[in-house]
1. Check Ile249 against each of (1) open to solvent by less than 60 Å² (accessible area, probe 1.4 Å); (2) within 16 Å of Thr276 (Cβ to Cβ); (3) in contact (Cβ under 8 Å) with a residue 24 or more places away in the chain; (4) not polar (S, T, N, Q) and name the one condition it does not meet.
2. Whether any residue in segment 106-116 is modelled with pLDDT of 95 or more and of a type in the set (Asp, Glu) is what I want to check.
3. Quick check on my filter: what residues within segment 265-278 are without any contact (Cβ under 8 Å) to a residue 60 or more places away in the chain and either closer than 19 Å to Lys220 by Cβ or surrounded by 13 or more Cβ atoms within 10 Å (Cβ to Cβ) (or both)?
4. Considering segment 199-232 alone, what residues qualify as being of a type outside the set (A, V, I, L, M) and open to solvent by less than 60 Å² (accessible area, probe 1.4 Å)?
5. Pick out the one residue from Glu243, Glu262 that is within 27 Å of Ala177 (Cβ to Cβ), in contact (Cβ under 8 Å) with a residue 24 or more places away in the chain and either among the β-branched types (Val, Ile, Thr) or open to solvent by 50 Å² or more (accessible area, probe 1.4 Å) (or both).
6. Filtering segment 188-227 down to residues that are small (Gly, Ala, Ser) and under 28 Å from Glu289 (Cβ atoms), which residue is modelled with the lowest pLDDT?
7. Exactly one of (1) polar (S, T, N, Q); (2) without any contact (Cβ under 8 Å) to a residue 40 or more places away in the chain; (3) closer than 25 Å to Ile265 by Cα is unmet by Thr183. Its number?
8. Within segment 167-180, count every residue that is within 16 Å of Glu154 (Cα to Cα) and either in contact (Cβ under 8 Å) with a residue 60 or more places away in the chain or open to solvent by 20 Å² or more (accessible area, probe 1.4 Å) (or both).
Amino acid sequence: MVCPHCGNQVPKNALFCDNCGSRLAQAPQDAPPAYKPPAADPLVAPHSWPSGYSASPAPTAPQKKRRWLLPLIIGLAVLAVAAAGFALWFFSDARAYGQAQALFEKGQYAQAEASFRALGDYKDSADRVDACRYQQAKANFERGNYALAQTQFEALGGYSDSAEQVKACRYQQARQAFDRGDTEAAAEIFEALGDYQDSADWLLKCRPSLAGTWVLTAMKSDGEDYTELLQASGLEVILQLNEDGSGYIDFDGEKDYLTWDEDGIASDGVKIPFITDGKTLTISEDDEEMTFTRK
């Protein structure tokens with residue numbers, strides 16, 4: 001090997017010239033011989049690959065992840081929350097129902113009604129609402145608040161014996177009217193009640209039969225009051241009304257026969273109306289007025 005700088009012969013693979021000291025380029029190492037595939041055997045047919053395939057090995061498919069696990073966990077969590085909510089709702093209503101029933105048993109019907117109404121269609125809450133309303137009406141009846149009780153029973157419609165309770169309330173109101181002297185108002189109620197209890201008997205007390213003997217106790221004519229004169233004279237005028245609709249007026253022994261009904265008294269074909277409260281009976285014609293009192 002010759003040094004390119006001074007021409008001195010240097011050993012093979014030397015890095016520096018031993019004469020001039022210059023750096024020598026290192027000789028390239030011999031490269032290994034390139035691979036040559038063996039010659040094809042003319043007697044063996046070359047290997048052919050199906051269409052779409054190559055000689056290189058197929059890549060390994062990546063393993064699929066378990067994507068069903070997360071939805072399953074979420075679904076179970078939702079079901080657990082729903083079950084907890086249902087249990088909370090169920091036991092909450094059960095507790096509220098028990099509290100409402102306790103109020104009912106204590107006689108606190110208004111509060112119990114509100115509690116049962118708030119429960120909606122839970123169990124028999126709707127029926128318990130009507131039961132509370134019924135008991136409130138009964139309590140008002142027992143306190144003598146018959147008008148209010150009647151309104152409450154009427155609002156209940158066909159619940160239990162509410163219809164009969166309405167009649168009981170009306171009956172008691174009629175008795176109250178009779179006791180305070182309002183016999184006509186009482187009579188209207190007793191008449192409407194028909195055969196309820198002893199309404200017919202009370203109706204006769206309110207509107208007694210006019211049949212019987214009546215005595216003239218007051219008299220007016222042309223605006224003048226002759227009552228004192230009648231009493232001073234000692235004149236006795238009797239009005240007799242019989243059950244069969246016949247009768248007469250007796251003027252000190254002289255009788256004038258007549259017929260009568262609830263619309264008036266008829267004599268000689270002329271019917272004269274009268275007004276009565278069951279205790280007195282007043283006949284008015286033109287400017288004359290006679291008042292009779294039951295004897």
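1. (3)
2. There is no residue in segment 106-116 that is modelled with pLDDT of 95 or more and of a type in the set (Asp, Glu).
3. Listed by number, the residues that qualify are Ile265, Ala266, Ser267, Lys271, Ile272, Pro273, Phe274, Ile275.
4. Within segment 199-232, Ser199, Trp202, Cys206, Pro208, Ser209, Gly212, Thr213, Trp214, Thr217, Ser221, Thr227 qualify.
5. Glu262
6. Selected residue: Ser209.
7. With respect to (1) polar (S, T, N, Q); (2) without any contact (Cβ under 8 Å) to a residue 40 or more places away in the chain; (3) closer than 25 Å to Ile265 by Cα, Thr183 is out only on (2).
8. Number of matching residues: 4.
The values are calculated or read from the model by the stated rules, or taken from the named source; none is laboratory data. Small disclaimer: the values here were computed from a predicted structure and weren't measured. So basically every Cβ, Gly included, is an ideal-geometry build from the backbone, and we count neighbours across all protein chains shown. Ligands, DNA and RNA are stripped out before the accessible areas are found, and what is left, the full protein with its side chains, is counted by its heavy atoms. Shrake-Rupley method; radii C 1.70, N 1.55, O 1.52, S 1.80 Å.
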